[in-house]
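**Student:** Following this message is one structure expressed as structure tokens.
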Amino acid sequence: MKIGIKIALLASLLSTGIHLYLAKRSYELQSGQAKESQLCHISEQINCDPALLSSWSRVFGVSLSSWGFAFNLALTLLLGLFLLRLLGLNDFWKNLSFSLAGAIGVASLLMIAVSLIMGLTCPLCWATYLLSGFSIGALVPVFWKNLSFHTFGRLFKDRISYILAGLITGAALFTHISFVVAFDIKSLEEENEAAFIDWQIAEPISFEHPPVFRMGPESSQMIVVEFADFLCPHCKSVSPSVHQFLETHPKVSFHFYSYPLDDSCNPEIKSEPLGLSCRLTKALICGEKQKKGVDVYYLIFDKQEQWIESRGQEQKIADLMADLIQGASLNSQDFSDCMKSPETENTLNQTVQTGNKALIPGTPSFFINGKLWRGRGHLGFGLQALYDYLN
């Protein structure tokens with residue numbers, strides 16, 4: 001009996017810790033303060049962040065991870081009390097513990113279904129699903145003799161069950177409020193509301209030159225325009241949220257303009273003229289000529305740290321360019337010719353001029369239907385609010 005309870009206790013304890021980490025990550029993402037995570041963001045395909053930001057990730061405004069933390073914490077405490085013999089091994093406590101484990105298991109099955117429907121692969125989420133299965137599997141042989149509809153019926157009549165439900169709700173709300181305060185999310189929400197009002201009354205601008213590449217339908221009720229520099233860390237940090245939003249909103253049109261923060265090609269920037277940002281913009285232009293601009297866009301951002309480290313080192317840059325050509329399945333000769341072409345230089349100048357005429361305040365900058373979005377915090381929430389308004 002003790003072995004089964006110990007296994008379930010270990011599983012619920014691990015799940016409690018993972019849920020707390022995921023809850024913290026969720027609120028970090030909402031606040032726009034999240035940094036690169038080797039645990040959550042392993043690759044574009046294996047990534048917890050889109051799941052934590054999806055419309056399914058909150059119940060009553062509280063992240064599912066906070067609810068998962070509270071439920072697993074309650075189960076951990078109950079099983080710990082069993083092992084310490086502070087709870088009698090009577091039918092009521094056994095059924096209460098098993099019901100709690102079962103509720104966590106059912107929630108896990110529902111989230112598995114949602115993950116499969118949305119095509120999301122969140123490794124830490126799946127770890128909690130497996131751990132919930134271990135908890136139930138370990139408790140079944142321990143408690144199966146005491147399971148009955150009669151004793152389960154008692155759970156809905158006993159006040160202890162309602163006290164426990166209240167404590168779980170309180171723990172989830174306390175976790176939620178703690179992270180909201182820690183990451184100043186309330187003020188960000190207020191600023192986003194003000195940004196939404198500013199956006200509504202702003203006059204739209206038109207862009208003189210076409211984007212380097214576009215995604216989505218040619219005509220759309222919502223057109224998202226991004227100006228970004230490939231060596232800007234914040235530009236990379238918002239890229240997954242934009243990607244996730246576009247994947248879940250196929251009717252939205254996305255236009256990308258590269259805006260190099262390098263005075264080798266951008267006269268409005270006063271910096272050391274290393275030229276790498278300008279070359280990466282050319283690489284994007286040449287990739288788009290082979291209809292692979294989107295692939296080049298993501299591949300460059302995926303290796304941003306390596307590109308930054310390669311500045312001033314021609315051999316490293318050449319190696320990374322070779323990897324880029326291979327990763328995007330580009331024709332190397334056509335790419336090489338394009339990089340030297342006066343036409344490519346002209347396109348680079350045009351995209352830089354577009355950003356300068358738009359008076360962008362920095363990178364990344366986003367225009368929604370020609371109006372600059374000045375909201376802070378996680379971009380995905382601002383985009384969703386604008387999408388709801390426009391549709």
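**Student:** Looking at the structure I just gave you, is GLY375 more than 27 Å from the chain's Cα centre (by Cα) and at pLDDT below 90?
**Tutor:** no
**Student:** Kindly provide the set of residues from the stretch 278-294 that are open to solvent by less than 70 Å² (accessible area, probe 1.4 Å) and in a helix (DSSP H, G or I), ordered by number.
**Tutor:** CYS278, LEU280, THR281, LYS282, ALA283, LEU284, ILE285, CYS286, GLY287, GLU288, GLY293, VAL294
**Student:** Condition first: within 18 Å of PHE230 (Cβ to Cβ) and not acidic (Asp, Glu). Now tell me which residues in the stretch 337-352 satisfy that.
**Tutor:** Once the filter is applied, which keeps residues that are within 18 Å of PHE230 (Cβ to Cβ) and not acidic (Asp, Glu), the stretch 337-352 yields CYS338, MET339, THR344, THR347, LEU348, ASN349, GLN350, THR351, VAL352.
**Student:** Go through the residues of the stretch 182-203 one by one and say whether even a single one is touching a strand residue (DSSP E or B) at 6+ places or on another chain (Cβ under 9 Å), part of a loop (DSSP other than H, G, I, E, B) and charged (D, E, K, R).
**Tutor:** Yes - at least one qualifying residue is present in the stretch 182-203.
**Student:** From the residues in the stretch 96-111 that are farther than 21 Å from PRO123 by Cα and among the hydroxyl-bearing types (Ser, Thr, Tyr), which one is surrounded by the fewest Cβ atoms within 10 Å (Cβ to Cβ)?
**Tutor:** Result: SER99.
**Student:** Separate question: Quick check on the stretch 70-93. Is at least one of its residues open to solvent by 40 Å² or more (accessible area, probe 1.4 Å), assigned to a helix (DSSP H, G or I) and at pLDDT below 75?
**Tutor:** Taking every residue of the stretch 70-93 in turn, at least one turns out to be open to solvent by 40 Å² or more (accessible area, probe 1.4 Å), assigned to a helix (DSSP H, G or I) and at pLDDT below 75.
**Student:** When the residues of the stretch 196-236 are filtered to those that are closer than 17 Å to TYR259 by Cβ and among the aromatic types (Phe, Trp, Tyr), which remaining residue is surrounded by the fewest Cβ atoms within 10 Å (Cβ to Cβ)?
**Tutor:** In this case the residue turns out to be PHE207.
**Student:** Also, quick follow-up: Residues in the stretch 21-32: is at least one part of a helix (DSSP H, G or I), open to solvent by 40 Å² or more (accessible area, probe 1.4 Å) and modelled with pLDDT of 70 or more?
**Tutor:** Checked the stretch 21-32: at least one residue is part of a helix (DSSP H, G or I), open to solvent by 40 Å² or more (accessible area, probe 1.4 Å) and modelled with pLDDT of 70 or more.
**Student:** Yes or no: the stretch 211-227 includes at least one residue that is touching a helix residue (DSSP H, G or I) at 6+ places or on another chain (Cβ under 6 Å), acidic (Asp, Glu) and not in a helix (DSSP H, G or I).
**Tutor:** No, the stretch 211-227 contains no residue that is touching a helix residue (DSSP H, G or I) at 6+ places or on another chain (Cβ under 6 Å), acidic (Asp, Glu) and not in a helix (DSSP H, G or I).
**Student:** Collect the residues in the stretch 143-177 that are open to solvent by less than 80 Å² (accessible area, probe 1.4 Å) and at pLDDT below 75, keeping them in residue-number order.
**Tutor:** Within the stretch 143-177, PHE143, ASN146, LEU147, SER148, THR151, PHE152, GLY153, LEU155, ASP158 meet the criteria.
**Student:** If I filter the stretch 311-330 down to residues being part of a loop (DSSP other than H, G, I, E, B) and open to solvent by less than 30 Å² (accessible area, probe 1.4 Å), which single residue comes out as farthest from LEU231 (Cα to Cα)?
**Tutor:** Only one residue fits best here, namely LEU330.
**Student:** Quick one: which residue in LEU231, LEU246 is of a type in the set (A, V, I, L, M), farther than 13 Å from LEU379 by Cβ and touching a residue at least 24 places away in the same chain (Cβ under 8 Å)?
**Tutor:** When all the criteria are applied, what remains is LEU231.
**Student:** Does the stretch 258-269 contain any residue that is hydrophobic (A, V, I, L, M, F, W, C), outside any loop (DSSP other than H, G, I, E, B) and open to solvent by less than 50 Å² (accessible area, probe 1.4 Å)?
**Tutor:** Checked against the condition, which is being hydrophobic (A, V, I, L, M, F, W, C), outside any loop (DSSP other than H, G, I, E, B) and open to solvent by less than 50 Å² (accessible area, probe 1.4 Å), the stretch 258-269 yields no hits at all.
**Student:** Take the residues in the stretch 178-189 that are of a type in the set (Val, Ile, Thr) and in contact (Cβ under 8 Å) with a residue 60 or more places away in the chain, then tell me which one is most open to solvent (accessible area, probe 1.4 Å).
**Tutor:** VAL180
**Student:** Turning to a different aspect of this structure: Scanning for something closer than 30 Å to ASP184 by Cα, hydrophobic (A, V, I, L, M, F, W, C) and in contact with a His (Cβ under 9 Å, 6 or more places away or on another chain), does the stretch 359-376 turn up at least one residue?
**Tutor:** yes
**Student:** Kindly check whether there is at least one residue in the stretch 348-371 that is of a type in the set (D, E, K, R), within 24 Å of TYR27 (Cβ to Cβ) and surrounded by 15 or more Cβ atoms within 10 Å (Cβ to Cβ).
**Tutor:** The answer is no; no qualifying residue exists.
**Student:** So ILE308 fits all but one of (1) crowded, with 17+ Cβ neighbours inside 10 Å; (2) touching a residue at least 40 places away in the same chain (Cβ under 8 Å); (3) under 30 Å from CYS122 (Cβ atoms); what number is the exception?
**Tutor:** The number of the failed condition is (1).
The values are calculated or read from the model by the stated rules, or taken from the named source; none is laboratory data. Given the structure is predicted, the values throughout are model-derived calculations rather than measurements. Here the Cβ is made from the backbone with ideal geometry for all residues, glycine too, and neighbour counts use every protein chain on show. The area values use the complete protein model at the heavy-atom level, side chains included, leaving out ligands, DNA and RNA. Shrake-Rupley method; radii C 1.70, N 1.55, O 1.52, S 1.80 Å.
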